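Right, one structure below, let's go through it.
What follows is calculated from the coordinates using simple rules that are stated; it is not laboratory data. What you see is a predicted model, and the numbers here were worked out from it, not measured in a lab. Glycine gets a Cβ as well: all are built from the backbone with ideal geometry, and neighbour counts include every protein chain shown.
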Amino acid sequence: MNQPELHPEELEAKGRLSGIVFHFFVQRLARVVFGAYFRCYTRGRRNLPRVGGVIIAPTHRSNLDTLLVGASAGRASRYFAKSGLFRGPITTRFLVTMGAFPVRREMVDRSALKAALTVLEAEKTLVMFPEGERKSGPRIFPLLDGVAWLAGKARVPVVPVAIGGTERAMGIGIRMPRPRTVRIVWGEPLAPPEIDGRGRVSREALAAYSVELREILQTMFDNVQQELGIPTDRPDDG
């Protein structure tokens, strides 16, 4: 199956329609549905800057997470989506219209990174799950360096988001969403990693940033899970 090639300019052109559709229909509909079905509660949304480029970095335990973050954000957002979802012209057009663009997970996808930089340099919002694909359990897994690299390259803040309850509602292996309480907590923006004298972010700085973001997400995730009565015991990282 051929991977669709989406140029950053094309992404941004189609993204304008995304903002209109998302804000005036999909976002409001999703808020009503999620609020009723999952008794969804959002806290700290004011921590998301209203203007300027920003990366939203949520925990990821369910396919519901993307929709929940989008409904909660209040800003039209762009998303990384695994390339396997782009299976035909109709599906591809729908996903791109809604702000998604494909990324190959089995490799360093330079075209996807270029598209993401274009989004951030255009002062848009990018949603990126720092753990990568969906995980299971109370432990925040080691983060991929993509979030840190993009934040450093584009000089934008990262807003951590903890989503509690979605694994019970629709975790890995659950096909139909269950009516479980969900909470979304927005953390304070984390400034981009520091740059060196050459204007670059060192590997050490990227690694340290990812560790710091992981610790923040773990604390936030523990707190929101505890609020929902979900066990937070986890094995030691070693």
| remark: Between His60 and residues 5 or more places away or on another chain, the pairs with built amide H atoms under 5 Å apart involve Lys135
| Calculated from the structure, Kirkwood radius over Cα pairs in Å equals which of [x] 20.4; [y] 19.8; [z] 18.2? | [z]
| query | Between Val33 and Leu85, what is the FRET efficiency for a Förster distance of 22 Å, r being their Cβ-Cβ separation, to the nearest 0.05? | reply | 0.55
| field | Per-residue HN-Hα couplings for region 167-182 [Karplus 6.51, -1.76, 1.60; θ = phi - 60°; Hz; x = Gly/Pro] | value | 5, 5, 6, 6, x, 4, x, 9, 8, 10, x, 9, x, 10, 5, 10
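Scan region 191-220 for trypsin sites (Lys or Arg not before Pro) in coil per DSSP, keeping those whose Cβ has at most 11 other Cβ atoms within 10 Å, and list them by number. Don't skip to the answer; put the middle values down first.
On the way: sites: Arg198, Arg200, Arg203, Arg214; in loops: Arg198, Arg200.
Answer in residue order: Arg198, Arg200.
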| note | Taking r as the C-beta separation of Arg155 and Arg175 and R0 as 41 Å, the FRET efficiency to the nearest 0.05 is 0.50
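Set the Förster distance to 30 Å, then compute FRET efficiency between Glu204 and Thr232 from the Cβ-Cβ distance, nearest 0.05.
Numbers: r = 30 Å, r/R0 = 1.01.
That gives a FRET efficiency of 0.50.
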| Protection proxy ranking, peptides 225-231, 126-132, average beta carbon neighbours within 10 Å, highest first | 126-132, 225-231
| request: List every residue whose amide H lies under 5 Å from the amide H of Ser202, counting only residues 5 or more places away in sequence or on a different chain, with H placed 1.01 Å from N in the peptide plane. | output: Asp196
| message | Run the simple label-point estimate for Ala191 and Arg43 please: 7 Å along Cα→C-beta, distance reported in nm. | response | 2.7 nm
| query | To the nearest 500 deg cm²/dmol, what mean residue ellipticity at 222 nm is calculated for the chain from DSSP H runs of n ≥ 4 alone, each contributing -39,500 (n - 2.57), summed and divided by the residues? | reply | -12500 deg cm²/dmol
| GluC sites (Glu not before Pro) restricted to DSSP loop in region 64-123 with at most 12 other C-beta within 10 Å | Glu106
